[in-house]
Amino acid sequence: MTEILVTGGTGVLGRRLVGRLAGAADVRVLSRGAGEIAGARVLRGDLETGEGLRAAADGAGVIVHAASTGTDIRKPGHDIGATRRLLEAIPGRAMAAYRAGHHLAPAGATGVRGFAEDLRERIGSDGVLRPPYDLRRR
């Protein structure tokens, strides 16, 4: 059975993903805190410090990076350090995957929600939420 590591498996997106993968794969979730998630083995680790990443990634055939460090998402590049630490935890595999044409596409749900001030500007008088690119075209 394929072993899958999910970062962010306790979050909005990750928890749903883990639920879908459970039973079809051996799922492990990287988490800063202790806890249980149905269908997964929770492993302690921290993307901010790098603690536990190598052990969590060891043996995983697939890594789904759906975590956010929880810092202010309005600051560009807030999760670059966390992603770098994750890639450093799998040095040989990360470079081999890149050379084979695979790319990292982090997933997240934080930006979907948006911020209240952004949403007020994006909701038209008809009550329709405009995509952000519509605002730039005005």
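The values are calculated or read from the model by the stated rules, or taken from the named source; none is laboratory data. Small disclaimer: the values here were computed from a predicted structure and weren't measured. Here the Cβ is made from the backbone with ideal geometry for all residues, glycine too, and neighbour counts use every protein chain on show.
Results, tabulated for the structure shown:
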quantity	calculated
Spans of strands (runs of 3 or more DSSP E) in the stretch 1-74 with at least 3 residues modelled with pLDDT of 90 or more	3-7, 26-31, 40-44
Output for the stretch 3-27, where each listed residue is in contact with a helix residue (DSSP H, G or I) (Cβ under 9 Å, 6 or more places away or on another chain) and farther than 16 Å from E51 by Cα	I4, G9, T10, G11, V12, L13, V27
In the stretch 34-59, the residues that are more than 26 Å from G92 (Cβ to Cβ) and free of Cβ contacts under 8 Å to residues at least 12 places away in the same chain	A34, E36
